[in-house]
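Quick notes on the structure that follows.
The values are calculated or read from the model by the stated rules, or taken from the named source; none is laboratory data. This is a predicted model, so every value here is computed, not measured. Quick reminder, even Gly has a Cβ in these numbers, built from the backbone with ideal geometry, and neighbours come from all protein chains shown. Please note that ligands, DNA and RNA were not included when accessible areas were found on the heavy atoms of the full protein model with its side chains. Shrake-Rupley method; radii C 1.70, N 1.55, O 1.52, S 1.80 Å.
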Amino acid sequence: MSASVKLTIYHCQPLISLPSSLYNTIHFPSSNSRQPLFLCFPVSKKQHSYFATSFHSGSISSYRKMASHIVGYPRMGPKRELKFALESFWDGKSSAEDLKKVSADLRSSIWKQMADAGIKYIPSNTFSYYDQVLDTTAMLGAVPPRYNWTGGEIGFDTYFSMARGNASVPAMEMTKWFDTNYHFIVPELGPDVNFSYASHKAVDEYKEAKALGVNTVPVLVGPVSYLLLSKPAKGVEKSFPLLSLLDKILPIYKEVISELKAAGASWIQFDEPTLVLDLEAHQLEAFTKAYAELESTLSGLDVLIESYFADVPAGAFKTLTALKGVTAFGFDLVRGTQTLDLIKGSFPSGKYLFAGVVDGRNIWANDLAASLDLLQSLEGIVGKDKLVVSTSCSLLHTAVDLINEPKLDDEIKSWLAFAAQKVVEVNALAKSLSGAKDEVFFSANAAAQASRKSSPRVTNEAVQKASAALQGSDHRRATNVSARLDAQQKKLNLPVLPTTTIGSFPQTVELRRVRREYKAKKISEEEYVKAIKEEIKKVVDLQEELDIDVLVHGEPERNDMVEYFGEQLSGFAFTANGWVQSYGSRCVKPPIIYGDVSRPNPMTVFWSSTAQSMTKRPMKGMLTGPVTILNWSFVRNDQPRFETCYQIALAIKDEVEDLEKAGINVIQIDEAALREGLPLRKAEHAFYLNWAVHSFRITNVGVQDTTQIHTHMCYSNFNDIIHSIIDMDADVITIENSRSDEKLLSVFREGVKYGAGIGPGVYDIHSPRIPSTEEIADRVNKMLAVLDTNILWVNPDCGLKTRKYTEVKPALQNMVSAAKTIRTQLASAK
């Protein structure tokens, strides 16, 4: 016997309880639509009873909200609406009011989506125009003097100048957020900073949500983590104790808290992710001091301290759970599984546990049965009324919504959960704990888990065998780097201080159109190849005009430095709209590694050979390294990461050797994300660095001494892994240096000897600002004070993809001019 169910539902609501088998067959309204969708489908008698119970009058929002929580949510929008609004505003094509309108619509949509999904603890103030740490800098009025801020509420001019720089002054330093591919703006602090309450964003957004009928949990970057993530400002002693500023910033936190209370907030969330690091005793004491000082102001509020990305060490756990005035503690139980032992042993009575069991860092569907078992065991420890189901961290680090992936393979799609689906998973688990288990949803989830484990597309025995065979060697080139550099110089005949760029050149609107139309089959392959060749010729001619020594082809055929390779490797899947914020308006679309990886065909040889045929100067072959492909992808979680990395390394090794056979004498294998993957705890560093560095060496172990292997790294703190960088045994490394205020050079001042070629970046490409010849020359001279002349290269910090030609050409002109000036000075000094 069957019946029929007719539902009136809104966009995002179908995800609440529909099994994936039904969800995959439904045509939904657009992501911006709030129009009702009338849906009719056959169901069994049992399912009819289920739907009749689940959809009260067709309204999911009438659910009693269960104990569920989301740490944070992607801010760019399902179709990157914020990205385009920001870039339009920066280009002067739209107004500040236009930008604010797009942003308000995004926030409203996110809050309503979570409310409709039945989430009880919905975050606010996780939206940002650029970065949440920069938002905190603005809240505290900690604006570096070079931006000439005169007080009052910080507006867009000052805010974006700090983030991006302007024509007069450079941007603040940008670095990786823990071990993610998200970047934050590093606060610059010192004893003379006059803190003041200069941005009311947290309060304003709470009120904004409340006016929409959504009572949220305002989220603040915690005061201790803010200081621990800061750096001494220029001119301040590097040994300056940043935690000494705690007494200066806490009064501003008190003002914010008081305003939130007055506005009606009942909960507040402090993100203190530094609790997962190896902290010293005085740093842990700062948490005790801070929250004791805030206790009276927090009175009347429920207070959640959220940590994520790793286990909380035992000492930090003891400090955290003893904090005064704190009601609840949030833990990452996906990457922090050892924290479970601490919870089982000494979780404080009467406190809430926000259990982060839904992965905020990856896109695999949660194993609901396993998570439910874990949650039920935690109920026995903390009490049924004190357990809240949560995400492991902010969903900022995952893609937004599977609704926007109609072309994704159905089987693979059934294995996945993006941010919108993770919200549903959180609520489904919370409902199950309350006794309202969604049997259909759980059954569909179990079927998807089983499908993934048994699918033949996941396993390639030949690849696994080749990867396993790597264990017997450390894969080092036979000749030392000094001898190799001599052989390479005889072949390449480069000048002192050779100039180069990192790889990509500006991706124009026209170029993007060509790629888009080719992908949509609107132009032929012949037309596409012709257009890309013309773009390469333009880039080659420009570099020759500028007199750059080692050229690049500009990568016009590439959409992204990881996705481009993933599209040509087996074991990868791709999304149409699986965008994730990297920094500011910059988004990446990580490929999904679902199975064993191999290279069916050459990937870059045609384009590199084409470019080399256009010039007599050396042309770099441009590859992305295995560790970066791994760290910038959504990686399978059914085998150790190093096994997947070794598989990728073998695929890149094949490509390197084919490039060499094609006559490419300089090959760059970017490892921009090697430092990013470093575990947060020091005890785990050696194991990671061993397999990561080994993976890089695998890629180029088979090339001749005369083939010069470059690598590139950017926007991380490298000084603590400099010996591993040396162990990579690359012939030349180009590395970000200028935006971090030449922090890299300090390691050489301290006596580290580097014998390979090295190119610390001479200007920041993530700012539209054009550096002068004199400024670049000054940077090069600082490098020559600690590095030998015969190993130093001159290059920008990073690739030029995000810049305009009107910025790139003069900046590179000045860079080459600076190199020539110093060459002349060095020659005359002999």
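Count of the stretch 197-217 residues, restricted to those that are under 14 Å from Lys254 (Cα atoms), open to solvent by less than 10 Å² (accessible area, probe 1.4 Å) and not in a helix (DSSP H, G or I), is 1. Counting only residues that are farther than 22 Å from Ser95 by Cβ, out of contact with any strand residue (DSSP E or B) (no Cβ under 6 Å at 6 or more places or on another chain) and not in a helix (DSSP H, G or I), the stretch 114-141 holds 4 of them. Kindly check whether there is at least one residue in the stretch 775-785 that is out of contact with any strand residue (DSSP E or B) (no Cβ under 7 Å at 6 or more places or on another chain) and within 20 Å of Lys620 (Cβ to Cβ). No, the stretch 775-785 contains no residue that is out of contact with any strand residue (DSSP E or B) (no Cβ under 7 Å at 6 or more places or on another chain) and within 20 Å of Lys620 (Cβ to Cβ).
Collect the residues in the stretch 810-830 that are open to solvent by 70 Å² or more (accessible area, probe 1.4 Å) and under 14 Å from Ile770 (Cα atoms), keeping them in residue-number order. Residue satisfying the conditions is Gln813 alone.
Report whether or not Ile268 is of a type in the set (A, V, I, L, M) and buried (at least 21 other Cβ atoms within 10 Å of the Cβ). Yes; evaluated as a whole, the condition is true for this residue. Would you say Leu659 is open to solvent by 10 Å² or more (accessible area, probe 1.4 Å), touching a helix residue (DSSP H, G or I) at 6+ places or on another chain (Cβ under 9 Å) and not in a loop (DSSP other than H, G, I, E, B)? Spelling it out, it is not the case that Leu659 is open to solvent by 10 Å² or more (accessible area, probe 1.4 Å), touching a helix residue (DSSP H, G or I) at 6+ places or on another chain (Cβ under 9 Å) and not in a loop (DSSP other than H, G, I, E, B). Of all the numbered requirements in (1) in a helix (DSSP H, G or I); (2) closer than 30 Å to Leu250 by Cα; (3) touching a residue at least 60 places away in the same chain (Cβ under 8 Å); (4) open to solvent by less than 10 Å² (accessible area, probe 1.4 Å), Leu86 misses one, and that requirement is (2).
The residues of the stretch 271-286 that are of a type outside the set (D, E, K, R) and either in contact with a Pro (Cβ under 9 Å, 6 or more places away or on another chain) or open to solvent by 10 Å² or more (accessible area, probe 1.4 Å) (or both), listed by number, are Leu275, Val276, Leu277, Leu279, Ala281, His282, Gln283, Leu284, Ala286. Residues in the stretch 779-809 that are part of a helix (DSSP H, G or I), open to solvent by 30 Å² or more (accessible area, probe 1.4 Å) and over 27 Å from Thr508 (Cβ atoms): Arg779, Asn781, Lys782, Leu784, Thr789, Asn790.
When Trp579 is tested against the conditions (1) farther than 30 Å from Leu492 by Cβ; (2) in contact with a Cys (Cβ under 8 Å, 6 or more places away or on another chain); (3) crowded, with 24+ Cβ neighbours inside 10 Å, the lone failure is (3). Filter the stretch 607-627 down to residues that are assigned to a helix (DSSP H, G or I) and in contact with a Leu (Cβ under 7 Å, 6 or more places away or on another chain) and give me whichever is nearest to Thr180 (Cα to Cα). The selected residue is Val627. Regarding the stretch 671-691, can at least one residue be identified that is open to solvent by 10 Å² or more (accessible area, probe 1.4 Å), hydrophobic (A, V, I, L, M, F, W, C), within 22 Å of Gly503 (Cβ to Cβ) and over 21 Å from the mean Cα position of the chain (by Cα)? For the stretch 671-691, residues open to solvent by 10 Å² or more (accessible area, probe 1.4 Å), hydrophobic (A, V, I, L, M, F, W, C), within 22 Å of Gly503 (Cβ to Cβ) and over 21 Å from the mean Cα position of the chain (by Cα): absent. Candidates in the stretch 397-429 are the residues that are out of contact with any Leu (no Cβ under 7 Å at 6 or more places or on another chain), more than 28 Å from His183 (Cα to Cα) and in a helix (DSSP H, G or I); of these, the one that is most open to solvent (accessible area, probe 1.4 Å) is Asp410. Residue count for the stretch 559-574 under the criterion of being within 21 Å of Val514 (Cα to Cα) and open to solvent by 10 Å² or more (accessible area, probe 1.4 Å): the result is 7. Considering only residues of the stretch 312-347 that are among the aliphatic types (A, V, I, L, M) and open to solvent by 30 Å² or more (accessible area, probe 1.4 Å), which is nearest to Gly380 (Cα to Cα)? Selected residue: Leu342. Considering Ser432, Ser394, the condition of being crowded, with 18+ Cβ neighbours inside 10 Å and within 26 Å of the chain's Cα centre (by Cα) is satisfied by Ser394 alone.
Conditions (1) touching a Gly at 6+ places or on another chain (Cβ under 9 Å); (2) at pLDDT below 95; (3) not in a helix (DSSP H, G or I), marked per residue:
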{"residue": "Ile268", "(1), (2), (3)": "no, no, yes"}
{"residue": "Thr274", "(1), (2), (3)": "yes, no, no"}
{"residue": "His282", "(1), (2), (3)": "no, no, no"}
{"residue": "Phe287", "(1), (2), (3)": "yes, no, no"}
{"residue": "Tyr291", "(1), (2), (3)": "yes, no, no"}
{"residue": "Ser296", "(1), (2), (3)": "yes, no, no"}
{"residue": "Val303", "(1), (2), (3)": "yes, no, yes"}
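Ile776: in a helix (DSSP H, G or I), free of Cβ contacts under 8 Å to residues at least 60 places away in the same chain and open to solvent by less than 10 Å² (accessible area, probe 1.4 Å), yes or no? Here the answer is yes, as Ile776 does meet what is asked.
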